[in-house]
Structure formats: structure tokens, C-alpha cells
Amino acid sequence: MAEELIPRSGPPADRDSAAISVRDLRVRYGDREILHGINFDAPAGQTLVILGGSGSGKSTLLRTLVGLENPSGGSIWIHGKDFACMPESARDELRKKMGMSFQSGALFGSMTVAENVALPLREHTQLDESTIDIMVRLKLNQVGLSGFENYMPAQLSGGMKKRAAIARALAMDPEILFFDEPSAGLDPIIAAGIDDLILKLKQAFHITILVVTHELASAFLIADRMILLIKGQIVANGTPAELQASDQPRVRQFLDRVPEKELTAEIDYLQMLTGEIPPERQ
Amino acid sequence: MPFTQEIGEATIDSLAYVGQLIHLTAGAARAVFIDPFRGRKVRYGRAIHQAMTVGVQAIPVVSLISFFVGLILALQAAYELRRLGALHLVAGTVALSMTRELGPLMTAVVVIGRSGSAFAAEIGTMKVNEEIDALETMALEPVHFLVAPKLVAMLLMMPCLTTWSDFMGVVGGGVFGVMSAGFTWHTYFQATIEAMVRRDIFIGLVKSVMFAVVITAVGCQEGFTTGLGSEQVGKSTTAAVVKSIFLCIVMDLVFTSIFYITAPR
């Protein structure tokens, strides 16, 4: 788990136009720093896609933004409030205005789809059961799962689980939605359906959406802005067109899907496997 | 690493683990006894469901085991008592052994195997599937949501199961008493009641409550600290059973010592 945050003195100047502002964010696991001073803004009502390869730190970044990890430095401003420095009770109040869809869905296996979607409403509101039932049906209809209220998560396909998870994330009518690899493990048609759903949610409800993914086709389809993370640092930040036009070597390598240079020498393999510089090269 | 250093590190790790258990138990106890007065109710429906699983469904196996243990106790006691011409003390021996010690302990072992392991497996699987993370992102405290209903169920069911275990143990001993020690069922139960005082039953019930807390805390703590992958869920489940049994024995020793020291002369 990361160490406790040292708070900054005040919110960034442009916080009014951004739903989320991140300044000099650092996250460590023990002695190892995963995120090295991340800075970006997520504009309100737009979709920000966080791109990056495996091990780039994008999942750590997402977990930190929703409060599952504590940063070791920097700040996270959500709707003008320093999220990382809040007491847990205040964070919970802010979390009620956010929704998150996990990569595997993270549906509760002992509950039906309807019970999963109803859970935040039952726990955080005073609504009666009939009203909750109506809202659940509405949310499931929005994601195309009408009629599946009484299904258990184990009875659903991968795409349906993701849709059910999105319905649960929408239950409290959030202002900010987080998606962790929404298309991962899905066939192209189902993935396209999820992309379409994300676009419709933004257009219909003007929700601020943050998506972590490495699927380029989905990213360029849904994004208003994109950031590219490589080894815990942002190497590109802009619109999809700006990234596509970038001539930075690391950006081009990622977008053009160029593999790492093939290792031909044994000493290169040794260095890759151990992570240490061999004595011959020191 | 020097042997003394290993002992030192193991001791520190053990104390840290006990500290984690106390922290978890305190959070669950707050959720059960304080939060309802602040408008945050426990999931009583879930607690009742857990009580059915922990308690009602354990009755058959607790009944059989306690019956056999009572019968074994009677046989072992009679083996010595008949040489002393004191076979009539079999009923009291079985009753005191069951109510003070074996009833609570055998019940705890059964519940550890059935429910303590299930708690660890359930929460461990939820951890692996990111369901615990999902609870936190929905502003639902995992201890309040998952542990509190289990604690309520265990605190209700363990004393009930223990009492039932005591009774079945007495019945088991009674089978020997009626068949081989010259008792009738009436005289056997009368001898049983005469041998016991309220304190004997009280001791057993206090132990059952403490065992309930230990089993819940260890099972849930092992679940929350499960590593990634299905293999880790298996390891957590095994650790929950082993640690629960060990800590229940330790608690048994502590409370038996306390009751011995505070016993009227």
C-alpha cells in the first residue's frame, strides 16, 4: 500500500473547467515508485482515455483516482476538492457521485443482476422498494439488459457482465464514470457495443468519463482527449488527432504497434531477465 | 538468519496479526452495536441467512459428534470409576466435562471447519474478483457490509449450538449409563442436574461467545488478506482453519485459567 499524502496548498487555477485535476501525482509500492509526477485534467462532460501498455501504471492511476490507493505525493482535485487529503467519510460522500466499472465486472456473485444494480440505491438512499425496482429496470434498459433482472452473474456472458456492471455504476446517476479496460476479453462486435454505450452515456447524460485501455480502436472512437502513459510518466496529452499526428518516437511506437527491438545477444537477455546491468556493461 | 532473529520476527509477526484481528473485530463490533443507533443498520436479512448456514445446518453434525464424544467420555470415565466403586459419578463427569469444556470446544471445531473456512473462501474470492474494491468504490465499508452480518450470526448461533452440543453429549453419556451403569434415563438426567451448577453452563457459554468472535475474525481477516489467484484462496482457507483452531485453544486456556482462579473455594 502507498504511503500517506503530503497535501498541496490549494486547487489548480483551472479547476472550474475540469472535473478532475491531477497535479504532480506520485504513487509508490514500498521502495518502488510507480507513477512519477503525473499532471493532467479531465474536462467536465468529456471522455478522457488513459492509454498505456502493460506495466505502464494506468491501472495504478485509475485505482488512485477512485481512492483504492493512497498517493505518496501530489494532489487529486475532484470538483474542486482535494480528494486524496479528505477523511474517509468525506471521500465516501464524493464516491456516491462517482461510478466505476471494473475489468471483470466485479458483480457480486451471491446477488442477482437486479440486486447488484439496486445495492447502492438501497444502501445510500431512502427510496422505497417499488421506486428502486423502477430505477433498476431503467438502468438495465439503458445498457440493453432488460429482462435479465433475475439472472445470476454466473449465467451472463462476458459482455453482459460488463453491461450489468455499467448499470450498477450508473445506479446513483454519477457525475463521473470510470472504466477499467471495458473492452478487454470481448469479441470485436461486443466490444463495439460497449464503445457505443459509452458514447451514448456521454451524449445523453454529459457525464465525465475516464477510460483506461490499451485497445487503440476503442480509444480513438470514444475519446475527446487522450493521455499516453509509459513507465509511470505521461508522454503525450491531447486530442486523438494530436496524438495521431505526433512524431514522438514513444508515441509512434505505441500507436503504430512497433514491437521492442529484438534481443540478439545473450547479455541482453540476461539484463532483461534480471533487470540488472551486467558487470561487463558497468 | 540467526535463530534468535527468526524467533523475534515470528513473535512480532504474530503480535501484528493479533493486532489486525483486534482492529477487525473492533470495526465489526462498532458496526453491530453502535452504528445502528447512528442510522447505519446491519444487513439483518444477510445475518439471518448466515445464521441458518452457520447454526441450523450444523445441527446434524454437531449432534452426532457431541453424542459420540459424550459416549466416549462416559466409557473413559467408567473405566476408572468402576475400580473405585464410583460408577454413579459417570453422569456428573460427563455433564461437567461437556458443559465446561468439550461442548464449546467441539462445537467450535465443527463451526471452524464448516463456517470459518467458508468465510475465508467467500471473502477471498471476492478479493480476487475485485468485489471488495467494488464495495469501496460504492462507498460501502467492507467490514460493515461483510463482517458484521457474520458476527451477528455467530454470536447468536454459537451459544445455541453449544447448548445443544452439551445436551447431546449428556444423551450420549446417558446411553452408556442406562445400558451399563445401572441408571434409568430419569435417574441419569437427575444425577446430571445435581452435579451441575449454573456456573458450569455459564463458563461454557462465555467460551462459546469468545470462540464465535475468534472464528469470525480469523476467517474474515484471512479472506481480506488473500493474494491474487485461486491458489491463494485455498491457502487462505487452510490458514483460517489452522489459525482459528489454535487461537480457540489459546482462548480456552485463558478463560479456563480465569475461571479456575475466580472459582469459589
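The values are calculated or read from the model by the stated rules, or taken from the named source; none is laboratory data. Quantities reported herein were computed from a predicted structural model and do not represent experimental measurements. Here the Cβ positions follow ideal geometry from the backbone for every residue, glycine too, while neighbour counts run over all protein chains shown.
Restricting attention to segment A:101-117, does a residue exist that is over 20 Å from B:Arg43 (Cα atoms), surrounded by 21 or more Cβ atoms within 10 Å (Cβ to Cβ), in contact with a Cys (Cβ under 8 Å, 6 or more places away or on another chain) and of a type in the set (S, T, N, Q)? No. For residues in segment B:87-135 being in contact with an Asp or Glu (Cβ under 9 Å, 6 or more places away or on another chain) and free of Cβ contacts under 8 Å to residues at least 24 places away in the same chain, which is surrounded by the fewest Cβ atoms within 10 Å (Cβ to Cβ)? Once the filter is applied, the top-ranked residue is B:Glu130.
Among B:Gly219, B:Gly227, B:Gly234, which is the only one that is more than 26 Å from B:Ile261 (Cα to Cα) and either among the β-branched types (Val, Ile, Thr) or surrounded by 19 or more Cβ atoms within 10 Å (Cβ to Cβ) (or both)?
B:Gly219 is the lone residue from the list that is more than 26 Å from B:Ile261 (Cα to Cα) and either among the β-branched types (Val, Ile, Thr) or surrounded by 19 or more Cβ atoms within 10 Å (Cβ to Cβ) (or both).
Does segment B:21-58 hold any residues that are surrounded by 15 or more Cβ atoms within 10 Å (Cβ to Cβ) and either in contact with a strand residue (DSSP E or B) (Cβ under 7 Å, 6 or more places away or on another chain) or under 24 Å from B:Trp164 (Cα atoms) (or both), and which are they?
B:Arg46, B:Ala47, B:Gln50, B:Ala51, B:Thr53, B:Val54, B:Gly55, B:Ala58
For segment A:139-154, taking the residues that are in contact (Cβ under 8 Å) with a residue 40 or more places away in the chain, outside any helix (DSSP H, G or I) and surrounded by fewer than 17 Cβ atoms within 10 Å (Cβ to Cβ), the one that is nearest to the other protein chains (Cβ to nearest Cβ) is identified as A:Met152. Return yes or no: is A:Ala114 in contact with a Gly (Cβ under 8 Å, 6 or more places away or on another chain) and within 26 Å of B:Ile123 (Cβ to Cβ)? So A:Ala114 fails the test.
For a quick check of your reading: which helices (runs of 4 or more DSSP H) sit entirely within segment B:76-149 and have at least 1 residues that are within 14 Å of chain A (Cβ to nearest Cβ)?
Answer list for segment B:76-149: B:117-128, B:131-137.
Against the list (1) crowded, with 19+ Cβ neighbours inside 10 Å; (2) away from every other protein chain (no Cβ under 14 Å); (3) out of contact with any Pro (no Cβ under 8 Å at 6 or more places or on another chain), the condition A:Thr213 fails is (3).
Just so you know, in segment A:61-81 the residues that are away from every other protein chain (no Cβ under 14 Å), crowded, with 17+ Cβ neighbours inside 10 Å and in contact (Cβ under 8 Å) with a residue 60 or more places away in the chain include one that is nearest to A:Leu121 (Cα to Cα), and it is A:His79.
Against the conditions (1) in contact (Cβ under 8 Å) with a residue 60 or more places away in the chain; (2) away from chain B (no Cβ under 14 Å), A:Ala169 satisfies every one except (2). Beta carbons closer than 6 Å, at least 6 apart along the sequence or on distinct chains, pair a first residue in segment A:108-135 that is more than 11 Å from chain B (Cβ to nearest Cβ) with a second that is aromatic (Phe, Trp, Tyr) for A:Val113/A:Phe148; A:Val113/A:Tyr151. With respect to the conditions (1) touching a helix residue (DSSP H, G or I) at 6+ places or on another chain (Cβ under 6 Å); (2) modelled with pLDDT under 95; (3) not acidic (Asp, Glu), B:Pro104 falls short on a single one, namely (2).
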